Every structure is written in C-alpha cells, then in structure tokens.
Protein chains: 2
Amino acid sequence: MTPRFLIIGGSDAGISAALRAQEINPEAEIEVLLEDDFPNYSICGLPFYLSGETPDWRSLAHRTEFAGISVRRGHRATRINRHSKTVEVEAEVKGHLSLPYDKLLIATGASPVAPRIDSWQLPGIFLLHTMKDSFAVHEYLDRAKPRRAVIVGAGYIGLEMADALTHRGIEVTVASRTKTVLATVDSEFGETVRQELEHHGIAVSTNVEVQRITQVSDHLHVSGSQGFEQDCELVLIAVGVKPNATLGIEAGLQTGEKGALLTNRKMESGAPDIYVAGDCAETWHRLLKRHTYLPLGTTAHKQGRTAGETALGLHREFAGSLGTQVVKIFNRVIARTGLRQDEAQREGFRPFTVESTLNDHKAYYPGATQLRARVTADLTTGRLLGAQLMGTWGAEVSKRIDIFAAALFHEMTVDEVSDLDLSYTPPLSSPWDPVQMASQAWSLQSQNQPTKESSCAR
Amino acid sequence: MTPRFLIIGGSDAGISAALRAQEINPEAEIEVLLEDDFPNYSICGLPFYLSGETPDWRSLAHRTEFAGISVRRGHRATRINRHSKTVEVEAEVKGHLSLPYDKLLIATGASPVAPRIDSWQLPGIFLLHTMKDSFAVHEYLDRAKPRRAVIVGAGYIGLEMADALTHRGIEVTVASRTKTVLATVDSEFGETVRQELEHHGIAVSTNVEVQRITQVSDHLHVSGSQGFEQDCELVLIAVGVKPNATLGIEAGLQTGEKGALLTNRKMESGAPDIYVAGDCAETWHRLLKRHTYLPLGTTAHKQGRTAGETALGLHREFAGSLGTQVVKIFNRVIARTGLRQDEAQREGFRPFTVESTLNDHKAYYPGATQLRARVTADLTTGRLLGAQLMGTWGAEVSKRIDIFAAALFHEMTVDEVSDLDLSYTPPLSSPWDPVQMASQAWSLQSQNQPTKESSCAR
C-alpha cells in the first residue's frame, strides 16, 4: 500500500516530514501545500539578505529539489474534513480544490505577534517573518533609502536586524520593553551585548513600551513610555510569534501551551491520522519532561522528521528540545541551552549559577580570546540544568554550547562534564576545555552553598 | 588526619592530582617531585615555541602558582620502598633523600621511542619531548641556522613540527614508514594532509624506513629505504613514546598494555596506597571497555584528577578515554574520536564508514567552508563507533568532534545523534548540524548494506 501523505505547510517542519517520508518509502504519495512560492526557505537567513551579506534571496532556499515529492505552491488550506479525510484548498491558479489524505500533517508555522501600538500599519513599518515580508522591506530599503530605523524588540531577530541595518549604514535605535537586551540570556550577558550594540553606534532603550507611531511629513515618529521619542524612516517590529493553530482548532484539535496545537512525542495530534509539527505545535521539553512552546527552526526540523516517521509507520519519538540557541551579533556570539537560574527556580529546582571567564584556547598561542560561561545546576543533585556562553566569533562558542546540550540531553551532573573526552590542541582549546573548567568552577563554588550535598563525596 | 600525599612527576597527571587533592583537603600535605625545573609545562606547546609563534617559553606553563602544594624541582626518584613507605630521591642540591608517604602517585610520564637508525645521536639530531629538549633545538636553530630539516615520523608531533619549521623559513622533508601521513586518521584524510604539506613546500616521503644518518662536511645526510636520500642541517625524530614504567616495575608493580603500569579505573596500582596516572599508565577505553595504552595530555589530566580523588578517599572512577584528538596543520584542522573502520573491525564490530562533505555553515552566509566527516558505526546495532572530521581552522571542527565524543560517551546510535538539540544560526551551522547530516548520511547508506537491521524501523 502506498499511503497518501498530505502536508499543510512547506517550511522547515513540512519539508522535513516530506523528505523523511520519501526516504522511508520512495513509493509513498507525498504532497506539500504551501501558501506562497517559497518552499523550505531559510527564514533565519532574512537578516543577512537585508544586510546585503547575502545578495541573492534565492540562495536562502535550504534546497530547490524535491524529488518524489509534489510541492504545490500558492495553495492555501482552508478547512480539514476529518470525516471524509479531505482538505479544502484555495489554489491561486486552479481555484477551489478538495484533496484527499490517508495521513495529514499540519505544519502551519507561526505568525508575528501584532504589537499593541497605535497605527502600526503605516507605510515604512514592517513585521518580518516571511519571504514576502522581507521582499517588502528590501524594496523599501532600496526605494525609500531610510536614514534612521527603530527596531521594536530586542530578541534574536531584533538584534540581528539591528546588526544588519547598521551594516547597511542606517542609524539604528532599539526599543525594548525588557530590562535589558536579549532576555533569553541572563542580564549579565545582556548588558555586554548592549555595550556591543552601543559600540557600533546603535542607541538602545530598554524598559520602554512603544505606544504610538505617527507619520510626520517625510518621516515616522515613534513614541513610548519613559519619554521615548525617536524620528525615523523605517520601523521593524519583532516582538515574538504565536502559533498558527486556527486550521487545527477548526478541525477540532486540542491546543495546549500558549495556544499551540497539542501533540504527543510521536507528533500525533490525538485525531486519527493527523499529525502536527513545527511552530504551530507544542514542543516536548527534554529537561522539564512536559510540553512547552519553543518555536525554533532546529526543533521544527526534528519534529517534522519525527512526524514523517510516525505517518509512515515507524516508531520513533521526538527526543525533545532543550531550547538550545545561538546568535551572532557583530563579532560576538551568544549561546544558551537548558534553563536559566530564574527558569529553573520557577520549575522547582534548587538552582545555583556560577560565571567563569576563560580563554578559548591556550593563551600562549596567538589569538586567544575570552569566553564567558554561566553554568546553572541543581544544588541538591549536582545535575546540570543549563549553560550560557558568550565569546568572539571564531572561538567555537556555538559548538561548545552543544557540548553542554549533549550533557543535558543525557542528564549529566556538572561533575560528569569533566569526564567527557574532549579534543585539545593549544590553538583550539586547553587540556580541560573551557566547558569543563566552567563546570569545575561550579562544583567548587557550590560547595560553600548551604544545601549542597557534595556530589563528589558520595 | 592529614595524609601525606607524595607524587612522583610534575607534569599533567602529577600536578592535576596535586591540585585536586588540595581542593578536596586543603590541610593535606602534598609534595610533588620533578626531575627538571619545569612543573606543569604544556609539552603540546613546544612546536609553537619552536615556530616562533610563542616567543617566550615561560608562557608555556599551564600555571606558576601551586598554593598549598610543595613542588620540589630537580628531584629524581630512584626507588620506592613499599615496606617502609618511603621514596629514595637524588636531589640536585641536597643530594640523597628518603621521603615518606601515606599515599604515593607514580606519574612518571613517557619517553620518546629511540629510533632504529644508525648514529642518531650526532649533533643536529633531536628527539623532542621535554622542555630541555626544546631548549636544545631552539638554541641550535638560533646558532646553526639550519636551512633544511628532515623530520622522521608523520604523526601529530612530526607534522606540527613540519608546520613550525616551515613557519621559520626552513625547507622541510617529512619521512615516514607509514603508508600516508597522520596514520591516526583514515588515509583519505591523510592524503589531503599530504597535499596540504606539499602545498606549503614540504617534501613528503612515505613508506620510508630511515636507516642511517651521517655527518658530511657541514651537513647531515639522511638515507633510508626506497632510495630515500636527503641532505639537511637538522633532523627531528618523532616516532612515538613509551611509558616510563621502570620505577614502578622495580617496586613490584604489574605492567599491562605496551608495558604501561597496570591500573584499575580508580587509578590504583594494585599495591597498597600506590596510584598511577598519565603516560606511564594504562588507559581505560570507554568504548572497548578494557585497558589500552593511549598517552594523551587530556587523559593525563583526567587520570591525575581521579588519582588525587582516590588518594584522598573519594569514590570516583576515571570515565575512560575515547582517543579524542585534534591537530591543526597550517590552516587545516583534523580531528578524531573513537574507533576507525580498521580498529573497529579488529575489535569484532561490524563497522561501516561513510564520508560526507558538508558546509560548516549555511552557504548563503559569507565564508562557508567545506567540512569532511567520516562516521563509523556498527551495522548490526547502529551504534556509533567513531568519527573523523577535517575542515578549515575557524570552522568549529574541534568542538564538533566533541559532539561525537559526547555521543560516544553515552553509547548513542547514529540515528540518535540527530536527536541532539544543537545550536543553529546561519553564520555558524545549519538547522541540522553537519555532525547530524553526516550521521543521517550514514543511516541512509547503511540501509543498502547486507547485514544492517534498520535501527530506525525497529
């Protein structure tokens, strides 16, 4: 039997599911519906397209060949009929269609949260999420040649765009309601990132609620709390995303965390033969051992792959996310995995966080740079809960956070991180990698904490 | 009770044991005996001192402060009296001493294997292992200003020295008895490294047994099998090391693999209150689950730390080595962990190796370079057995091998490597890290192998 596997959504999760299904059963009939014309584009690459570092948007495609998979562009799914196992579709060219399925994957992604700002839909104001959005911004940059930009939001995308627009020679102001920038990492790192932004001429306003944008002759005027006032020609809004769950909800699917579609670790929705994956769905958190909402491209790929496996009859489970993330801002790389101190506290752990400053490689070999590591672990059990790293681009920061991610994946204690047999040569590390030295610093400093039962001495 | 912990050897293992013991019990009486004047110097840094990249040899010290530890320089241990629990010592200044111990660590390291070459002790011919050796080479480089060098041996040290001497403007010839250079990785990588060496003007002769060196007027003449003939002013010999086990053997300790001192995973020698660690001792191989001989600085640090813990009464075990190694040669980084195909075969696995070529990060972001990955895994179980990576300096090669090392540490299957939640941003990786794409390539290609029970489909 060759199952008919219909996939709604042609971004990371949808295409990953299709590719994996095709690998498992090259005879399967696999169909992907996407609303726009851009299957499997790297949305994470948009800032680099807009900075000019990636001149041709076409190169943002993760792939352009989909052998054995029918990719239908300009096809918007409007309704799922669970009884008849069909999906109603509005196709740009062919009009209304009704497509049958044996197995259905909902991979409809997420949308930017609409800001609570008066008249944010004026010309020159943009949200950035799709290829189409980025074409609009690109066209505006070329045509209107904005001299000044305000970015609302200081998360990953906001700061990557601050970097990108500065790269283009635009004067940038970042306004964020958060206490510091990059709130996904501790404020100690956020403060350094703020300094880096300021060092590159970016004005940073935190604790600011942007409230109103008005058109004033040839420019926009942005105003907010704390007396924030800024003139500019371009406003980018990047204040988070929400799951596109409507299609699923209307088909009777359940939602969970933050309105995302409910799923188990096989990516089954609960409704027969319907699977969910990617930014529209919940994410199993490997450390918390429960579902949460953590929309990330890496997770979407993995969930999609698992959904493809489940739909084709394999028995695999999504192993779970640890919220591992990395961002490059100018010459600095900031990464995290697992839980921060405050998150761990909320989840009922007894967390303790130790920051260490270490050389990325032996100082006697030229070019050593400083790496800051923040290790969070549980005082009662000694178990690693999370880590944050900040260092220079080129200092292997991102793959070092991955060592912590691998340790978290296997529920290692902090002490056990020193047991890992990691590579060393003086131009690239030290006999104990910085990851291990930071772990050893945690173990030493935690000994003086009241509740620590030494995990060495047991 | 404050135990008296005596340590013979002041390099990686000895000092690690001392530091750890001091951490555990700041009151412990800890004494380290070292033959020379250079406690805890980075022997791995010698090539960079000789290349001129590290101008001051003093910066090669891993540390210069040993608070709470008595470090006795110029103290050569000559005999261990197990009955009286004393060590006989010849001290440079004080002459003969007899030092008592409660706990004793033998961390006497290794020595270069003497080559089977006629008259290899002529002036201008050097082995490179200690600080003293490197001073002699350095002095010779300054004084004799050699124009041409022959390096005998094409392992890590031989090739780092080929790089180093080329850096100084010396014409280098590498002669090795192995079929290709860098025999610790597969010949496919070795061939590329050979090309890299040749690209930098180094002559490489493989399958050559160097047999004779003669003094001819103002230079040396090196000759060997396959008609190898080369004039030069400097010969460096780097053909491996052997454990310094004599002191232990004379005290009645057992030896195992390759004549190294026998130990268990607590670094106990079998004789009461005597521990062994570092290059003089066997190494527990985590994957093979037996002892082997794998002298590496990283391992010496870990074994020393464990020995310090055991000696001070903690109950920890050396978690084991996976033979993780990395070397930088010119602008190329080559790394390995675990077993190669041939090693795995010998050990009774059913190994299969797949090579993939991948971008280190998304090609649309400037500066992407190619990474070659060789993944070895067992066809019957799907279990990862080893990995080798080669790429450009700066492409996070070394910390990528560490992700494989962490996977091996936890006995993951190749399929499970894709489950790791690794970091991604376009300038530094892709949504599936190259490590994961290489693993997925192995899984796909292994499906066509006769003996594979699909580890996905179970």
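The values are calculated or read from the model by the stated rules, or taken from the named source; none is laboratory data. Everything quoted here is computed from the prediction, not taken from an experiment. Note: ideal-geometry Cβ built from the backbone for every residue, glycine included; neighbour counts use all protein chains shown. Ligands, DNA and RNA are excluded from the accessible area calculation, which covers all protein heavy atoms including side chains. Shrake-Rupley method; radii C 1.70, N 1.55, O 1.52, S 1.80 Å.
What to note about this one:
- Residues being closer than 24 Å to A:A387 by Cβ, open to solvent by less than 30 Å² (accessible area, probe 1.4 Å) and assigned to a loop (DSSP other than H, G, I, E, B) - total across the stretch A:177-203: 5
- For the stretch B:28-44, the set of residues classified as at negative phi and either within 22 Å of the chain's Cα centre (by Cα) or among the small types (G, A, S) (or both) consists of B:A28, B:L34, B:E35, B:D36, B:F38, B:P39, B:Y41, B:S42, B:I43, B:C44, listed by residue number.
- Residue count for the stretch A:208-231 satisfying the condition of being charged (D, E, K, R) and not in a strand (DSSP E or B): 2.
- Within the stretch B:317-350, the set of residues being surrounded by fewer than 21 Cβ atoms within 10 Å (Cβ to Cβ) and over 29 Å from B:G158 (Cα atoms) comprises B:E317, B:A319, B:G348, B:R350.
- If the condition is being aliphatic (A, V, I, L, M), part of a loop (DSSP other than H, G, I, E, B) and touching a Gly at 6+ places or on another chain (Cβ under 8 Å), then the stretch A:300-347 contributes A:L322, A:L339.
- From A:D56, A:D36, A:D12, A:D102, residue being crowded, with 23+ Cβ neighbours inside 10 Å and either touching a residue at least 40 places away in the same chain (Cβ under 8 Å) or within 14 Å of chain B (Cβ to nearest Cβ) (or both): A:D12
- Within the stretch B:59-77, the residues that satisfy the criterion of being touching a residue at least 12 places away in the same chain (Cβ under 8 Å) and away from chain A (no Cβ under 12 Å) are B:F66, B:A67, B:G68, B:I69, B:S70, B:V71, B:R72, B:R73, B:G74, B:H75, B:R76, B:A77.
- Criterion: assigned to a loop (DSSP other than H, G, I, E, B) and surrounded by fewer than 23 Cβ atoms within 10 Å (Cβ to Cβ) - qualifying residue of A:L287, A:L253: A:L253
- Filter result (under 18 Å from A:R286 (Cβ atoms) and in contact with a helix residue (DSSP H, G or I) (Cβ under 8 Å, 6 or more places away or on another chain)) within the stretch A:411-439: A:V414, A:E416, A:V417
- Checked against (1) in a strand (DSSP E or B); (2) open to solvent by less than 40 Å² (accessible area, probe 1.4 Å), B:E355 passes all but a single condition, namely (2).
- The set of residues from the stretch A:154-176 being more than 20 Å from the chain's Cα centre (by Cα), farther than 17 Å from A:V210 by Cα and either among the hydroxyl-bearing types (S, T, Y) or open to solvent by 20 Å² or more (accessible area, probe 1.4 Å) (or both) comprises A:T166, A:H167, A:R168, A:G169, A:E171.
- Some residue of the stretch A:110-132 being surrounded by fewer than 20 Cβ atoms within 10 Å (Cβ to Cβ), more than 14 Å from chain B (Cβ to nearest Cβ) and touching a Gly at 6+ places or on another chain (Cβ under 7 Å): yes
- Subset of the stretch A:267-284 that is assigned to a loop (DSSP other than H, G, I, E, B) and in contact with a strand residue (DSSP E or B) (Cβ under 8 Å, 6 or more places away or on another chain) - its residue that is most open to solvent (accessible area, probe 1.4 Å): A:D273
- Checking each residue in the stretch B:204-240 for being hydrophobic (A, V, I, L, M, F, W, C) and open to solvent by 50 Å² or more (accessible area, probe 1.4 Å) picks out B:V216, B:V239.
- Among residues of the stretch B:388-414 that are facing chain A (nearest Cβ under 7 Å) and open to solvent by 10 Å² or more (accessible area, probe 1.4 Å), those with a beta-carbon under 8 Å from a residue that is of a type in the set (K, R) and not in a strand (DSSP E or B) at least six positions away or on a different chain give the pairs B:F409/B:R286.
- Test: A:T376 is more than 13 Å from every other protein chain (Cβ to nearest Cβ) and open to solvent by 10 Å² or more (accessible area, probe 1.4 Å): no
- A:T108 vs. criteria part of a loop (DSSP other than H, G, I, E, B) and in contact with a helix residue (DSSP H, G or I) (Cβ under 7 Å, 6 or more places away or on another chain): yes
- Set A:A203, A:A281, A:A260, A:A245: member being closer than 21 Å to A:L165 by Cα and touching a helix residue (DSSP H, G or I) at 6+ places or on another chain (Cβ under 9 Å): A:A203
- Candidates B:S418, B:S439, B:S423, filtered to the one that is at pLDDT 95 or above and either in contact with a Leu (Cβ under 8 Å, 6 or more places away or on another chain) or not assigned by TED's automatic domain parsing to the domain that holds B:K362 (or both): B:S439
- Subset of the stretch B:59-93 [open to solvent by less than 50 Å² (accessible area, probe 1.4 Å), farther than 18 Å from B:R20 by Cβ and not polar (S, T, N, Q)]: B:L60, B:A61, B:G74, B:H75, B:A77, B:I80, B:V87, B:E88, B:V89, B:A91
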